[in-house]
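The structure under discussion appears below in the form of structure tokens.
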Amino acid sequence: MSLLIRNALLVDPAGRHSGKGNLLLQKGEISAIGSTRKRFSARRTIDAQGAWIMPGLVDCQARLRDPGQPEKANIESETAAAVRNGITTLCVPPDTQPPIDNSATVELIHHRNEMFGQRAHVHPIGALTRGLEGEQLSNMASLRANGCIAFSNARHPLANNLVQRRAMDYAAGCGSLVVIQPLDPDLLGNGCAHEGAIATRLGLPAIPEAAETAALAKDIELVAQTGARTHFGQLSCARSVDMIRRAKAKGLPITADCAIHQLFLTDHDIGLFDSNKFTIPPLRSQADRDALREGLVDGTIDCLCSDHQPHEVDAKLKPFPSAEPGISGLDTLLGLALRLVDEKLLPLPELVAKLTLNPATILDLPGGRLEAGADADLIIVDPDAHWICRADSFVSKGKNTAFEGWDFSGSVTHTIVGGEVVYQA
Amino acid sequence: MPDSDLQLDESGKLRHFLSIEGLNQAILSEILDTADSFTSVTDRTIKKVPILRGKTVANLFFEASTRTRSTFELAAQRLSADILSLNVDTSATVKGESLLDTLQNLEAMQIDMFVIRHQDSGSAHFFAQHVRPGVAVLNAGDGQHAHPTQAMLDMYTIRHHKHDFTRLRVAIVGDILHSRVARSQIHALNLLNTAEVRIVAPRTLIPVDAEALGVRVFEDLEAGLEDVDVVIMLRLQRERMRGALLPSEKEYFRRFGLSQERLARARPDAIVMHPGPANRGVEIESSVMDGSQSVILQQVSFGIAVRMAVMSMIVGQSGLQAGGDA
């Protein structure tokens with residue numbers, strides 16, 4: 001099956017292609033990219049006049065709640081939301097139920113995606129320690145052989161630094177990336193909002209910056225000690241951006257992402273205890289938000305993720321501190337990202353790189369590229385389509401958005417995975 | 001939704017009573033004036049007025065409390081309401097019933113007003129956002145957020161003794177960090193244009209950016225008490241020692257315990273308040289507690305009048321006839 005996409009505006013995260021062009025897709029790959037005058041022939045043709053073509057998005061942190069929490073979401077529902085919204089690759093943290101600490105769970109996820117998935121790639125991130133309990137190492141080499149693309153202890157920081165050091169050494173020895181969400185469990189405590197004037201006024205148990213930065217400082221030191229290639233996820237503080245920037249300048253093998261909602265929301269948005277704004281790490285201050293944006297621009301922050309955490313209605317239908325944290329983010333990832341271009345924070349190809357090429361490179365995945373020979377995971381986006389965010393119309397099973405009523409422009413018209421159209425508006 | 005939209009109806013009347021924040025000076029003054037008219041009721045032999053006759057008030061306490069619950073019960077009874085008191089921590093929610101299920105089951109009993117205490121900050125707003133139209137929520141304490149009736153009875157006590165807030169210096173001493181009472185007091189004092197509101201506490205018990213609440217922060221009790229007209233002592237919860245917030249009760253008393261000697265720093269006519277129950281010898285010396293400047297027992301009796309005032313303003317139909325026949 002061959003597919004020709006004509007007259008599309010090429011958005012190449014690597015910056016090699018630009019302007020209007022034609023793409024020929026064959027055997028699951030981009031077989032050729034050329035100017036519009038170049039004549040290709042194919043079984044099917046899509047005329048993408050006026051639309052952008054770019055690699056499908058690679059979301060380096062999305063919870064699908066599968067296996068274990070069908071009331072929140074499952075692979076079928078969330079891969080459908082992904083392809084509808086231009087995400088062709090999803091990286092799943094290991095805190096499923098049971099956690100991804102054994103090959104059976106990895107196989108189960110792959111099997112479910114084959115059976116029920118809507119064609120997005122789903123890549124499990126394995127548990128760094130068994131049961132995420134921070135005591136014994138997981139069988140990383142076997143897990144890697146079964147398809148785990150990296151290892152992480154998700155939101156269960158290791159209490160024991162010696163175990164963490166050994167886990168990082170072992171993962172590095174297996175050639176695997178370590179993914180860390182820096183959190184100090186004691187400083188986090190029962191906190192649910194950024195420590196500052198808002199939490200003080202609302203009487204919400206506070207989460208200081210040090211809950212992230214104290215852990216991050218230790219983690220960076222362990223990277224320096226072990227040399228383990230490490231990716232830091234979902235950063236939220238200005239000081240974290242600064243620490244990552246300095247660590248990178250020293251040449252440490254470090255990369256970082258932040259959840260896209262952190263670039264738009266602050267603790268002010270909690271308003272009157274809006275539980276949809278309860279996230280961990282918490283929505284922080286304006287200064288933190290600005291620093292994250294700066295870090296994104298200067299490359300300190302390599303990629304953006306949805307940090308997708310779908311919930312059933314009841315999980316949020318509680319007073320703020322008792323609600324479950326997290327935002328359902330697949331349906332708004334691209335819309336928010338394109339806003340950053342509208343706000344002139346980054347040119348479109350550079351922004352797209354933060355959601356395609358960069359995470360794919362960090363995680364050593366094939367997608368995320370617009371070049372001959374690359375996997376044909378692509379999306380066509382109508383930049384002029386305007387839409388209003390309504391949780392009711394989310395494809396994700398989780399309707400817990402923090403962006404209800406927001407205006408977005410740019411809408412996916414086609415999602416192509418392995419050279420086949422898997423979604424068409 | 002701004003706070004005021006939830007608490008006040010279109011004509012600016014009180015619909016729910018959730019937090020002092022979002023209210024205005026006129027409402028606070030109305031509460032104090034209305035409470036004035038009720039203090040006479042509590043002094044009479046027949047202590048009842050028919051303002052809430054035929055109405056049903058449900059006390060819904062997710063956190064154990066005897067004193068506050070009793071004053072709400074008494075207030076509702078004196079307004080002739082039917083009253084239903086539930087300690088929820090021991091009943092439904094343990095069985096897995098959600099908060100909203102509990103609320104809706106009770107609503108089916110035609111409750112007109114819920115008086116709710118819950119351990120989560122924001123729970124009063126949560127309930128107010130989910131009750132049926134026409135059903136009122138009165139916050140009897142939500143987490144560390146607000147305890148507005150306590151604050152109003154404190155304002156009533158202050159006004160009773162000092163009349164004009166605009167010339168007062170008020171010091172709130174103790175565990176500000178965990179105190180819903182302090183937060184509500186600070187908002188109320190500022191809405192009533194108090195000249196200066198101070199908080200006095202060790203650094204571990206002062207919330208971050210406390211100045212943004214509109215207070216001056218003191219970490220030294222002697223300095224904090226200098227020339228104040230009102231001293232409000234807060235109760236020190238024993239569990240604070242366990243969280244490494246304080247070394248010991250003894251050391252706390254040494255730094256922040258209110259003694260006669262320290263009270264002498266305040267103005268000679270200063271009054272001493274405490275929302276109770278007080279820990280004698282921890283935050284306050286017995287001689288001060290029982291001394292001539294203490295108005296602590298008065299606070300308790302004013303509490304009933306203030307709660308009657310708030311309840312009647314929310315649920316009472318037409319204007320108040322506090323002096324009406326029982």
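If the condition is being surrounded by fewer than 17 Cβ atoms within 10 Å (Cβ to Cβ), away from chain A (no Cβ under 14 Å), in a loop (DSSP other than H, G, I, E, B) and of a type outside the set (G, A, S), then segment B:157-213 contributes B:H163, B:D164, B:N193.
Among the candidates B:R265, B:R242, B:R254, B:R216, single out the residue that is over 22 Å from B:H160 (Cα atoms), basic (K, R) and within 14 Å of another protein chain (Cβ to nearest Cβ). Answer to the check: B:R242. Scanning segment A:338-381 for residues that are surrounded by fewer than 21 Cβ atoms within 10 Å (Cβ to Cβ), β-branched (V, I, T) and touching a helix residue (DSSP H, G or I) at 6+ places or on another chain (Cβ under 8 Å) yields a total of 1.
Can you confirm whether segment A:393-402 contains a residue that is more than 18 Å from A:A337 (Cβ to Cβ), polar (S, T, N, Q) and more than 20 Å from the chain's Cα centre (by Cα)? Within segment A:393-402, one or more residues are more than 18 Å from A:A337 (Cβ to Cβ), polar (S, T, N, Q) and more than 20 Å from the chain's Cα centre (by Cα).
Residue-by-condition table, conditions (1) touching a residue at least 12 places away in the same chain (Cβ under 8 Å); (2) within 9 Å of chain B (Cβ to nearest Cβ); (3) among the hydroxyl-bearing types (S, T, Y):
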{"residue": "A:I198", "(1), (2), (3)": "yes, yes, no"}
{"residue": "A:L202", "(1), (2), (3)": "yes, yes, no"}
{"residue": "A:I207", "(1), (2), (3)": "yes, no, no"}
{"residue": "A:A211", "(1), (2), (3)": "yes, no, no"}
{"residue": "A:A215", "(1), (2), (3)": "yes, no, no"}
{"residue": "A:K218", "(1), (2), (3)": "yes, no, no"}
{"residue": "A:T230", "(1), (2), (3)": "yes, no, yes"}
{"residue": "A:A238", "(1), (2), (3)": "yes, no, no"}
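Taking segment B:229-244 as the range and being assigned to a loop (DSSP other than H, G, I, E, B) and in contact with an Asp or Glu (Cβ under 8 Å, 6 or more places away or on another chain) as the test, the residues that pass are B:D229, B:L234, B:R235, B:L236, B:Q237, B:M241.
Are any residues in segment B:136-156 within 14 Å of another protein chain (Cβ to nearest Cβ) and under 19 Å from B:I304 (Cβ atoms), and if so, which ones? Matches in segment B:136-156: B:N139, B:G141, B:H147, B:P148, B:Q150, B:A151. In segment A:394-408, the condition of being crowded, with 17+ Cβ neighbours inside 10 Å and in a strand (DSSP E or B) is met by at least one residue. Close contacts from segment B:219-231, counting a first residue that is under 19 Å from B:A278 (Cβ atoms) and a second that is part of a loop (DSSP other than H, G, I, E, B) and of a type outside the set (A, V, I, L, M, F, W, C), with Cβ to Cβ under 7 Å and a gap of 6+ residues or different chains, come to B:L225/B:R265; B:V228/B:R267. Highlighted here are the strands (runs of 3 or more DSSP E) found entirely within segment A:1-75 that include at least 3 residues which are farther than 30 Å from A:I280 by Cα: A:2-10, A:20-26, A:29-34, A:44-47, A:52-55.
Residues that are surrounded by fewer than 21 Cβ atoms within 10 Å (Cβ to Cβ) and out of contact with any helix residue (DSSP H, G or I) (no Cβ under 8 Å at 6 or more places or on another chain) were ranked within segment A:287-310; the one that is nearest to the other protein chains (Cβ to nearest Cβ) is A:V297. Only a single item in (1) outside any loop (DSSP other than H, G, I, E, B); (2) within 14 Å of chain A (Cβ to nearest Cβ) is not met by B:S70, and it is number (2).
The criterion of being in contact with a strand residue (DSSP E or B) (Cβ under 9 Å, 6 or more places away or on another chain) and at pLDDT 95 or above does not hold for B:D209. Within segment B:106-120, restricting attention to residues that are part of a loop (DSSP other than H, G, I, E, B) and under 12 Å from B:E63 (Cβ atoms), the residue that is nearest to the other protein chains (Cβ to nearest Cβ) is B:D120. Applying the criterion of being in contact (Cβ under 8 Å) with a residue 60 or more places away in the chain and surrounded by fewer than 21 Cβ atoms within 10 Å (Cβ to Cβ) to the residues of segment B:48-61, the residue that is nearest to B:V137 (Cα to Cα) is B:P50.
Regarding B:L86, is this residue more than 14 Å from chain A (Cβ to nearest Cβ), modelled with pLDDT under 90 and in contact with a strand residue (DSSP E or B) (Cβ under 8 Å, 6 or more places away or on another chain)? Yes.
Matching residues to (1) at pLDDT 90 or above; (2) assigned by TED's automatic domain parsing to the domain that holds B:S80; (3) among the aliphatic types (A, V, I, L, M); (4) buried (at least 17 other Cβ atoms within 10 Å of the Cβ):
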residue: B:R238; (1), (2), (3), (4): no, no, no, no
residue: B:R242; (1), (2), (3), (4): no, no, no, no
residue: B:L258; (1), (2), (3), (4): yes, no, yes, yes
residue: B:E261; (1), (2), (3), (4): yes, no, no, no
residue: B:A264; (1), (2), (3), (4): yes, no, yes, no
residue: B:H274; (1), (2), (3), (4): yes, no, no, yes
residue: B:S286; (1), (2), (3), (4): yes, no, no, no
residue: B:G323; (1), (2), (3), (4): no, no, no, no
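When A:H110 is tested against (1) touching a Gly at 6+ places or on another chain (Cβ under 7 Å); (2) buried (at least 22 other Cβ atoms within 10 Å of the Cβ); (3) over 21 Å from A:I416 (Cβ atoms), exactly one condition is not met: (2). Scanning segment A:311-342 for residues that are within 21 Å of A:F273 (Cβ to Cβ), in a helix (DSSP H, G or I) and more than 10 Å from chain B (Cβ to nearest Cβ) yields A:V313, A:A315, A:K316.
Could you run through segment A:23-45 and say how many residues are over 29 Å from the mean Cα position of the chain (by Cα), surrounded by 14 or more Cβ atoms within 10 Å (Cβ to Cβ) and under 27 Å from A:K354 (Cα atoms)?
Taking segment A:23-45 as the starting set, the residues that turn out to be over 29 Å from the mean Cα position of the chain (by Cα) are A:34-45.
Okay, now just the ones that are also surrounded by 14 or more Cβ atoms within 10 Å (Cβ to Cβ), so A:34, A:40, A:42, A:45.
Keeping just the survivors that are under 27 Å from A:K354 (Cα atoms) gives A:34.
Counting residues in segment A:23-45 that are over 29 Å from the mean Cα position of the chain (by Cα), surrounded by 14 or more Cβ atoms within 10 Å (Cβ to Cβ) and under 27 Å from A:K354 (Cα atoms) gives 1.
The values are calculated or read from the model by the stated rules, or taken from the named source; none is laboratory data. Predicted model, so just to flag it, every value in this text is computed and none were measured. Positions of Cβ are generated from backbone atoms using ideal geometry, with glycine treated the same way; all protein chains shown enter the neighbour counts.
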